[in-house]
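Trainee: Have a look at this one before I ask anything.
The values are calculated or read from the model by the stated rules, or taken from the named source; none is laboratory data. What you are looking at is a predicted structure, and each value in this text was computed from that prediction instead of being measured. Positions of Cβ are backbone-derived with ideal geometry, glycine not excepted, and every protein chain shown enters the neighbour counts.
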Amino acid sequence: MDPLSIAASAAGLATGCTKIAATLYTWIDDTISIDENVAGLSEEIKALGRVLDSISSASASAPRPVLAEIDPDGSLWAVVRATLGDINNTLGKLSQLLGEVEKSSRVFSRGFLRKPTKQIRFGLRSKEFVTYKDRVQSYITAMTSALQMINVCLMIHNNSSQDAVFSMLYGLRSQIGRVEVALHQGTEPRYGPAGSSQEDDDKQITTNFRQLVRVAETFHSNASAITREGPRSTVWGGSVLGEPLTREQLFNIDNWIPPPSSTQQDETTSPTTIVNPSYHSDSDDDIDEALIKRLRELAVESRHKGDHLKAENFYRKVINRSEASESNYDPQDLVEDKINLAYACLHQRKWADAEAIILPIAMERKLADITIYIGLHALALAHMDGSNFAMAERCCKRALWGKRKILGKENPSCWESLALLSRLCKARGDPEEAEAHQTFIPASYQPVLHLDPLVYLNGYNKKLPPPPTILQTPSPSTTQASQTRHLVVGVHFGTVQTAVSFALATNPIVEEGVIDKWPNRSGTKIDSTVPSVLYYDPEPTRTIAGWGYDIEDALSPSGYPKPGIEKSQWFILGLMNPHRTYIDAMKIPSPPTGKSPMDVVVDYLSKLHDAIWSILRSSFDMEEMQIRWWFAIPPVWDGLGGAPLRASTLRAGFIRDENDDKIFFVTEPVATLLYCCKTLLINPQPSDTFLVVVASAGAVDLAAYEVIKGNPLDLKQLTTPSGDFCGSTAVMRNFSNLLQTRIKKLDLSKGSKIAGRIYAKGIIDFNTRIKHSFSDDGSTWAVNVGLSVDYPDVGIDRESGCMAVTNKLMRACFNPPVDRVIELITDQLSSVRKQHPGTSVKTILLTGEFAPSVYLVNQIKRHVGAAFDISVVGSSDALTDVARGAVTAGVLQEHGLLSAEYRTHDYLRPGEGEPSCQPTAEESQWQDHSCESKKER
């Protein structure tokens, strides 16, 4: 298919998108409360139409000569043609689906029931709309990548600047990453249109996406090579490309030509013009020098952006061109380029590459660049970490020699290298020599020995002598935080779900990131939280068969654990003493045979730690010793559950030993208030009073606080925390009982697997769609159970595959937990009035997995807000804001802005109160393995 045919096809598909979008718009306008999946699909269809219009225009004007140079095999057009075919197929099936829904709505609706009935029909096909929405999003990503490739060709054709082309290529590289994400998402199981053709469609789309990624990577490589060769000629294959040169362009080219020498000027006065034979080579050298200069600038820009791999590639290009050039470049420039290349390798932990570059330079006695010896010290640390003490000592001695020559023997940086040399001597079994090296360090000075190479490197400005590292009394301050790049990681270890957030503590107000990529069998699962669940192999091994989303190997095709596999959940409750908290209201699931409650928690935290570390390591150049772990815990745990949790994190590898002070605990309500204050969801003023309700999946915890100071936030706790197991899981349990009761009425043969499938589909539909959307508006809910048989007695319609549940029955599932939440809230309000006369709560701050429930929020507003004149505020991101708040607490502490009362780690630290490995008799049953050998990482 040639570009013009592709342009026509894209234009036709864009018209199809417009028609479908118009149909969806009519439905949205004709429905009481449109399904959010339908509304989302409408917006995605419009966006796809816009991209296809752009593809049509760009393809028609695509410069064929440039495309032939970059994409000689025509792979780009082939993959675009294949993807357009997929889009055409998807739009056809989507039109068919819309027709079916429209037809069913006309048949089953009459008069005033037309709008409610259409709403129910949307609910019945909701999963199919989700599938089509995801597919359309993937097509948008793919077509945007193709559009960027065509635009790169147009820019090269029009002789755009290298900066502009490089910027477009950089954007293409980012877009390739998005296509890869869409590719991984496309391999996940979907709930979509029934029939065997769906699986074939998914395979075909996945195959075409993989081909698109390969084509885009090849295109990116070829286009980058062409662009980096310098300004393109306006002549290609005998044809003139691009627009004629302007006067300004001609003037710039004239400026590139070196002026003639005095000899040439004299000779030009004679009738015969003699051309200097070195003229052309000089001009080539100037062009080459300009290109090298530009490559070096790009390397510096990449290094400043933290893209060390890109910086390495640019520096290697600079060095290769400099060494191959016949011109006499300054040797010092070449040395500096090699040092910068070595540092780019160091920041990627390519120790061997860095050593091969920097060690020969360090052996030349005439060089006085301190960065050489700083790099050697870092290499010594890397060798020590790898137990290569001989090479570590060699690098350290040379680093010490260079530092003494440049900085003087009394410089603290020299003492730091001496301290490392002493440590190396101890490691290889020579305590006498270690002591001798130690005597050169003044007794009044205690070197801060950084054990991680990158921590050491980050402490120095590359062009200046290293600052003194005199040990001072630790005190959080802005200066301290700016000198050391601390990564704060917040963990909300929940009963059912766990959320993880992180941020660099560069300033008091930073944007937190959320870890949303979790391992599973197909590669990565994208979600803002990970389930707190484990699966164990049968005895006697009891090894972990699955955790979080990586559970495929532990489950049978029916979705239940394989024979002998044991599922473990709610295990975090095993760390608490049931006689001292509200946990006695809940029966804790027993741990697998041969495992203690703490063993199970440690197993889960170990898997969680590995997943977190894998993501952070790919994004940051730092080791764990730079991480500050902040765990958000329920307020009733303060003083109860923290000690065994700290012991569990020790065994799981979050901290290295009992004396490690890099783990902290903050209560969930405080974390919530800190985050909401930071995001301006609330604007606390002195004397304001808040009741924080953390409505998680398992438990609901409450505590009231009065604001002492607004900036930085200083709080006073007014009430004793309270709570109960009345979270969204209680609602799920009630619906589960309803669903099981109905399934028992079905006429199914004994041992049939149909019952299990009905139950699983119904629970999934309730959990993902109905649980948060139910509003007690009188509607009958259609729960997708995937059964194509009529069962009037249980409300199952074979056409839709759904089970009808009345509003009354659905409300009965919600009422008991919601009523208990309201009771807990009123008890807290009463405690505030009794214990603090004259003080009244003005705002209820609601967060947690249960917080998005429309029914819960409405009931609280109705029975509490209106009755007591209290505003009810929902958090911005109920699933992750507690973890984000834990990060906020950590960042504020790094800058000395966090009240010490918020940190609950002081009583947990060894030497400060009760040691973590020596619990009281009452707590010993929950810590029976906390003093075992620690897992080394």
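Residues checked against (1) of a type in the set (D, E, K, R); (2) at pLDDT 80 or above; (3) surrounded by 21 or more Cβ atoms within 10 Å (Cβ to Cβ); (4) in contact with a Leu (Cβ under 6 Å, 6 or more places away or on another chain):
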site: ARG64; (1), (2), (3), (4): yes, no, no, no
site: GLY85; (1), (2), (3), (4): no, yes, no, no
site: GLY92; (1), (2), (3), (4): no, yes, no, no
site: GLU102; (1), (2), (3), (4): yes, no, no, no
site: SER105; (1), (2), (3), (4): no, no, no, no
site: PHE108; (1), (2), (3), (4): no, no, no, no
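Trainee: State which residue is surrounded by the fewest Cβ atoms within 10 Å (Cβ to Cβ) when the search covers only the range 638-676 and only residues that are modelled with pLDDT of 85 or more and polar (S, T, N, Q).
Mentor: Here the answer is THR649.
Trainee: Here's another thing I want to ask about it. For the range 727-743, state whether one or more residues are out of contact with any strand residue (DSSP E or B) (no Cβ under 7 Å at 6 or more places or on another chain) and modelled with pLDDT under 85.
Mentor: yes
Trainee: Same structure, new question: I'm trying to understand the selection: among the residues of the range 498-513, which are touching an Asp or Glu at 6+ places or on another chain (Cβ under 8 Å) and in a strand (DSSP E or B)?
Mentor: Going through the range 498-513, the residues touching an Asp or Glu at 6+ places or on another chain (Cβ under 8 Å) turn out to be 501-503, 505.
Matches in the range 498-513: SER501, PHE502, ALA503.
Trainee: Considering only the range 724-743, state which residues are among the hydroxyl-bearing types (Ser, Thr, Tyr) and crowded, with 18+ Cβ neighbours inside 10 Å. Let's see the steps before the verdict.
Mentor: Step one: list which residues in the range 724-743 are among the hydroxyl-bearing types (Ser, Thr, Tyr), which gives 728-729, 736, 741.
Matches in the range 724-743: SER728, THR729.
Trainee: Could I ask something else about it? Just for the range 712-723: of the residues that are assigned to a loop (DSSP other than H, G, I, E, B) and of a type in the set (A, V, I, L, M), which one is surrounded by the most Cβ atoms within 10 Å (Cβ to Cβ)?
Mentor: Residues of the range 712-723 that are assigned to a loop (DSSP other than H, G, I, E, B), as a first pass: 712-713, 718-721.
Still in the running and of a type in the set (A, V, I, L, M): 713, 718.
Details: LEU713: 23, LEU718: 19.
Filtering first and then ranking leaves LEU713.
Trainee: Quick check on the range 699-706. Is at least one of its residues closer than 28 Å to PRO531 by Cα and aromatic (Phe, Trp, Tyr)? Step through it out loud before you land on a result.
Mentor: Quick first cut of the range 699-706, residues closer than 28 Å to PRO531 by Cα only: 699-703.
In the following step, the residues that additionally are aromatic (Phe, Trp, Tyr) were identified as none.
Looking through the range 699-706, none of the residues is closer than 28 Å to PRO531 by Cα and aromatic (Phe, Trp, Tyr).
Trainee: More than 25 Å from GLN497 (Cβ to Cβ), in a helix (DSSP H, G or I) and either assigned by TED's automatic domain parsing to the domain that holds TYR855 or in contact with a Leu (Cβ under 7 Å, 6 or more places away or on another chain) (or both): does that describe ALA782?
Mentor: Numbers: more than 25 Å from GLN497 (Cβ to Cβ): yes; in a helix (DSSP H, G or I): no; either assigned by TED's automatic domain parsing to the domain that holds TYR855 or in contact with a Leu (Cβ under 7 Å, 6 or more places away or on another chain) (or both): yes.
Considered against the rule, which asks whether it is more than 25 Å from GLN497 (Cβ to Cβ), in a helix (DSSP H, G or I) and either assigned by TED's automatic domain parsing to the domain that holds TYR855 or in contact with a Leu (Cβ under 7 Å, 6 or more places away or on another chain) (or both), ALA782 comes out as no.
Trainee: Just the residues that are modelled with pLDDT under 90 and of a type in the set (Phe, Trp, Tyr), please, taken from the range 555-611.
Mentor: TYR560, TRP570, PHE571, TYR582
Trainee: So which residues in the range 44-97 are under 14 Å from ARG135 (Cβ atoms) and without any contact (Cβ under 8 Å) to a residue 12 or more places away in the chain?
Mentor: GLY85, GLY92
Trainee: Give the residue, chosen from ALA399, ALA352, that is surrounded by 24 or more Cβ atoms within 10 Å (Cβ to Cβ), hydrophobic (A, V, I, L, M, F, W, C), in a helix (DSSP H, G or I) and modelled with pLDDT of 85 or more. Even if it seems obvious, please write down each step before you answer.
Mentor: Details: ALA352 fails: surrounded by 24 or more Cβ atoms within 10 Å (Cβ to Cβ).
Only one candidate qualifies: ALA399.
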